[in-house]
Amino acid sequence: MRHSALVRVTHWITTLCFLALLVTGIEILISHPRFYWGETGNIHTTPLFKLPIPASRSSVPTGYGYVLPDQNGWSRYLHFQSAWVAVLTGLLYIISSLFSGHLRKNLLPGGADLSWQAFSSTIANHLRFKPPDEEESWSYNLLQRLTYLLVIFVLFPLVIWTGLAMSPAIASVFPSAVSVLGGQQSARTIHFFVSVALFLFLLVHIAMICLAGFRKRLRAMITGRAGIDKEGA
Amino acid sequence: MSDLSRRKLIIGGLATAAGASGLVVANGLAKRYGLIPPDNGGLYGLGETLNYASQRVLTSHSMAREFPRSEISNPPFANDVAPLGEAFKRLQEGAFAGWRLLVDGMVARPASFSLAELKSYPSRSQITHLACEEGWSYIAEWIGVPLSHVLGVVGILPQARYVVYRSIQPDWWDSVDMADALHPQTLVAYGMNGGELPVGNGGPLRLRVPRQLGYKNVKYITRLTVTDDLKRFGEGLGSASPEGGYAWYAGI
């Protein structure tokens, strides 16, 4: 399918932001690789779980005999800056998708797609690692549509919400946005799991692109032209 | 040149002009309403300015969440403190009777307060959440005199825009804008959980800014300086934090 210029530009800006958010998020995380539920949590309280990794702060008991370098300063600056660019880009994408019909035509599943037969055949094709034929590659299949909708309208909003819920200033303005999550430490824990889900999406997304023809799909997302792969892959 | 490309060129030019003048107007408004943080330069200046400006607008009337007594963390938490120097130890041996808080800068009546004097002012107690940028947190009751009261005693001049606060630990100093300095929950704290403020938590005197992260709540404060410009302090970035790579504004 031919990607519009707006889809292509917002796709790559989001990609860059997501990679920056991922790297800096991991960097911030390793200063305290313990997770809690509720409002508070620290080394004197029982964690929900701990990640079996060393920490960048000596005060955290990890069982490792060494401490990783602390890079939280620039990581936090870059995390929030990338978040701003990602959120503004995401808003541009959603608003223009509403008006251009991209959302309705390309993302919302059509009537015929929603039958069990269509659903099971899409899943069967995926399980057999069957690359899409020429006709299929002109539109998103049902699984793609549902996954993209989940990422755009569930995972991204949730990761933004839980991220903001960790901010003491935002918590003072929207206290119920924190309490419905169970507290600020719960927000941090959910933020971690949603980030893991987004990372898994990235891995599957890349795997699917490889399956569908990496060069062809990459070119389609850069130039907008899908067409027949003249280079013969 | 075809009509289509000319039209595109005109629309593109108008959009660029509108965008550029929008940025100029936004910058002017942001400066006028104090929405530009001191660490607005460099690679991350844009994100930092957006954080500070948006939260400053949102939090103009907000109060940090306060919790019931049953939510106070038990055991009370205190993180590691760098070794305190000889000056601190001498004051500690004297039960901090000699501890002074000097208040100077753009004030009508510069003064130096003992702990007893600070405790004689109307006190405020609040049970709030303290979160460290690392990820851990605790809830405690904080008791102290609102910073706004201390500033009222010395009389801040109309051009005041920031309060710089310094610790007996020379590496730690920070500043808040007047919105945070005059906020009713910003305390010069001397008590915690019904007792004295433990040394591990910043005793005898700590600035408590509950709408910002832990590192903004500088321990062992000895001096407040009211100013209209942060350029004169340190490297001009508003606190020791940006000098160490951390954001000046710690609301997120």
### Summary
The set of residues whose placed amide H lies less than 5 Å from the amide H of B:Gly251, leaving out same-chain residues fewer than 5 positions away, is B:Leu213
### Query
What angle do you read, to the nearest 10 degrees and between 0 and 90, between the alpha-carbon axis of helix A:116-127 and the longest principal axis of chain A?
70
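Considering only Cα-Cα distances, which of the following residue pairs are longer than 24 Å: B:Lys31/B:Lys219; B:Lys31/B:Lys231; B:Lys89/B:Lys219; B:Lys119/B:Lys231; B:Lys89/B:Lys119; B:Lys119/B:Lys219?
Numbers: B:Lys31/B:Lys219 31 Å; B:Lys31/B:Lys231 15 Å; B:Lys89/B:Lys219 15 Å; B:Lys119/B:Lys231 33 Å; B:Lys89/B:Lys119 22 Å; B:Lys119/B:Lys219 17 Å.
Distance filter (> 24 Å) returns B:Lys31/B:Lys219; B:Lys119/B:Lys231.
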#### Entry: the range B:100-172-the range B:215-252 distance, computed between alpha-carbon centres (Å)
14
## Note on the structure
Exposure proxy check on B:Asp104, B:Asp171, B:Asp180: fewest-to-most Cβ neighbours within 10 Å is B:Asp171, B:Asp104, B:Asp180
### Over the protein assembly as shown: helical MRE at 222 nm, DSSP H runs n ≥ 4 each giving -39500 (n - 2.57), nearest 500
-14000 deg cm²/dmol
## Note on the structure
Bounding extents of the protein assembly as shown in its principal axis frame from Cα atoms, largest first in Å, are 84, 59, 37
### Query
Could you list, bin by bin from short to long, the percent of Cα-Cα pairs of the range B:64-243 in 5 Å steps?
1, 8, 18, 22, 21, 16, 10, 3, 0
### Task
Sort out for me the Cα centre separation of the range A:112-181 from the range B:24-77, rounded to whole Å.
31
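Starting from the range A:86-131, pick out the trypsin sites (Lys or Arg not before Pro) whose DSSP state is loop and whose Cβ has at most 11 other Cβ atoms within 10 Å. Provide the component values of the computation, followed by the final result.
Details: sites: A:Arg104, A:Lys105, A:Arg128; in loops: A:Arg128.
Hits after loop and neighbour filter: A:Arg128.
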### Task
Quick one: which residues, 5+ away or cross-chain, put their amide H under 5 Å from the amide H of B:Val103? H built at 1.01 Å from N.
B:Ala111, B:Ser112, B:Phe113, B:Leu224
### Task
Give the longest segment of chain A that steers clear of GluC sites (Glu not before Pro) in DSSP loops with at most 16 neighbouring Cβ atoms within 10 Å, not counting the sites themselves.
A:1-133
### Query
For chain B, what relative contact order do you get, as a whole percent, if you take Cα pairs closer than 8 Å and at least 6 residues apart?
20
### Query
Helix A:72-100 versus the longest principal axis of chain A: what is the Cα-based angle in degrees, 0 to 90, to the nearest 10?
30
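Tally the DSSP beta bridges in the protein assembly as shown and give the antiparallel ones as a percent, rounded to 5. Intermediate values should be presented prior to the final figure.
Numbers: 38 of 42 bridges.
Bridges in the protein assembly as shown are about 90 percent antiparallel.
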#### Entry: Column: log10 I(q)/I(0), Debye, Cα scatterers of the range A:108-214, q = 0.09, 0.11, 0.22 Å⁻¹
-0.35, -0.50, -1.11
### Task
Working from the alpha-carbon coordinates of the range A:1-47, get Rg over Rh, Rh being the Kirkwood radius.
1.31
## Note on the structure
So the angle from the long Cα axis of helix A:184-223 to the longest Cα principal axis of chain A, reported in degrees to the nearest 10, equals 30
### Task
Throw me the Rg/Rh for chain A, computed over C-alpha atoms with Kirkwood Rh, two decimals.
1.03
### GluC sites (Glu not before Pro) lying in DSSP loop within the range B:141-246, provided at most 16 other Cβ fall within 10 Å
B:Glu235
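We did not get these values from a lab; they are worked out from the coordinates using the rules stated. Bear in mind the structure is a predicted one, so any value in this text is a computation, not a measurement. Cβ coordinates were reconstructed from backbone atoms using ideal geometry, including for glycine residues, and neighbour counts include every protein chain displayed.
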